[in-house]
Amino acid sequence: MSVTNKALFAIERNLGCDLSLGEIARRCDVSRFHLAHAFGDATGMTVMEYVRRRRLTEAAYALAARAGDILDVALDAGYGSHEAFSRAFKTQFGKTPEDLRKAESITGLALTDAIRHLPQTSAPLSEPDFRNLGELLFVGLRERIFYGGTQTIPAQWQRFMTDHYAWIEDKTAAIPVGINTQDETGEMAYVCAAEVSRFDTVLIGLTSLTLAPATYAVFAHDGHISALDQTYSTIWNDWFPASGKIPAEAPGFQRHNETFDTRTGNGVVLSPAGSALYSRAVRILPALDEAREEIEHLQGRAKASLRLATGDLWGLVILPEVINDFVQAHPDVVVHTTITDDGTRFEGLRNGIYDIVFGRLSNKYQAVLHPEFEPMMRQATYVYCDARHPLAGTAPDLETLLAQRWISPGYDDDAGPGRIGGHPRDFAVRVENVMHALMLIQGSPLIMAASSGFVDLFRQSGVGHLELDDAPRPQESGAIYTERALQKPL
């Protein structure tokens, strides 16, 4: 029986008892670390997320059948109070226990019934190589991910390679790596990283990570990158139990080989003739790159350029029409616009990558760059939700807002409006841009904080903002540039 099936059996047999990740792992005779990986890769959920969903589902069945009072149902589901149970229940199903009890129907609820047994769907797996590696240092872009939610990783790689990779100093390898990390609760984070020789300078928005000396089992995955989760599931559920090896509670990492096609996600196995041809191409490509750079340099001399960096509000809502008018009035100027996060905009302005950035003038700009600032608009931070959300059209209090599940906009800061910013929130998903957030929030129980400048754009998609009891304070936003930009000839 696989590790995941052992865990499913233990959970269902003890659903009404006190359960923790450590207790379930003990019943499966593996570590918490091993169980979290095996279960997550096989089911797309963390162990405790599955436990929570199962308990709330059984509670929903009981309430619809009017079995016992709500407090008894809450206690059976592992909640110590009516209030805590009601918050969790409404977050999961979008309605209160009282509403469900009155309706006596589970129609339309996103229930999680018991997974009795997962079929063995092992991926082809060759025996690994074992390598002893010394201490490894990495600098990279870290983002929280969810089992079953790895579709955000390609966009994370795009941001890392476009906005960060070239600026990382002291790199020791040409091919970057993907690192899987995990905290004590089983929550996952993924780091797109470059191996470095030292941590002299770590740019804002990036993180440093040290892996201690260890013995690594190196597995090969030759298929499409989309099937990688199945390979991981086979490693954790089948190979480790069969091998007798015990995985260390430490991050693992992925490194693609030189023949991996980043455009299609396909792994490529070359024949001997193909390998020889590839070796010749590797020697030729640097010369072609140098020629292309020289051509671009000569073309750049023919026209002046203006390099801008913005956040989503300026880049999607405000600047497109302004840039179009500017280019028509100045056809001899090429405008390059990058939509990126505030940390990258700051570093780009400081290093001369960008001439002008648009956004709020934070303290770090004033303290380090002493830039010029031309305020152009005032914007506040609003809380948005779908028009069909239970909170739509209401003025929720702080406790109600904090009980919701939020979208975390990785594309910018998310301090939250008013008093919300001083409290921890339940972030269900992290996104890379506001358009991704807009797609997720439509028709969902999620809410998010974003600029008041998006009101019109969001309204067109059936998303509105809430009227809060403490009105958010508007802040100035505009163009930020240094004296160097003023001296640039156009």
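The values are calculated or read from the model by the stated rules, or taken from the named source; none is laboratory data. Small disclaimer: the values here were computed from a predicted structure and weren't measured. Note that we place each Cβ from the backbone using ideal geometry, even for glycine, and neighbour counts take in every protein chain shown. Heavy atoms of the whole protein, side chains included, go into the accessibility calculation; ligands, DNA and RNA do not. Shrake-Rupley method; radii C 1.70, N 1.55, O 1.52, S 1.80 Å.
Key figures
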{"quantity": "Size of segment 33-174 as Cα extents on the principal axes (Å, biggest first)", "calculated": "64, 37, 27"}
{"quantity": "Solvent-accessible area of residue 81 with every protein chain in place, 1.4 Å probe, in Å² to the nearest 10", "calculated": "40 Å²"}
{"quantity": "Heavy-atom accessible area ranking, 1.4 Å probe, most first, across 430, 13", "calculated": "13, 430"}
{"quantity": "Efficiency of FRET between residue 173 and residue 440 - r from beta-carbon atoms, R0 25 angstrom, step 0.05", "calculated": "0.10"}
{"quantity": "Which of 314, 157 is most accessible, then next, and so on - probe 1.4 Å", "calculated": "157, 314"}
{"quantity": "Centre separation in Å (Cα based) which lies between segment 191-220 and segment 1-65", "calculated": "32 Å"}
{"quantity": "Sites residue 255 and residue 14, calculated FRET efficiency, Cβ-Cβ separation with R0 35 Å, nearest 0.05", "calculated": "0.30"}
{"quantity": "Cα-projected label distance for residue 69 with residue 323, points at 7 Å along beta-carbon direction, nm", "calculated": "6.2 nm"}
{"quantity": "Computed lengthening from residue 351 to residue 135, 0.36 nm per intervening residue step minus Cα-Cα distance", "calculated": "74.7 nm"}
{"quantity": "Label-point gap, in nm, between residue 405 and residue 207 - each point 7 angstrom along Cα→Cβ", "calculated": "2.2 nm"}
{"quantity": "Stretchable slack from residue 469 to residue 304, in nm (0.36 nm times residue separation minus alpha-carbon distance)", "calculated": "54.4 nm"}
{"quantity": "Sequence-distant residues sharing a close amide H with residue 196 (under 5 Å, placed H)", "calculated": "137, 138, 139, 172"}
{"quantity": "Shape call, segment 1-113: gyration tensor on alpha carbons, a/c limit 1.5", "calculated": "prolate"}
{"quantity": "For residue 215, solvent-accessible area (1.4 Å; no DNA, RNA or ligand), Å²", "calculated": "90 Å²"}
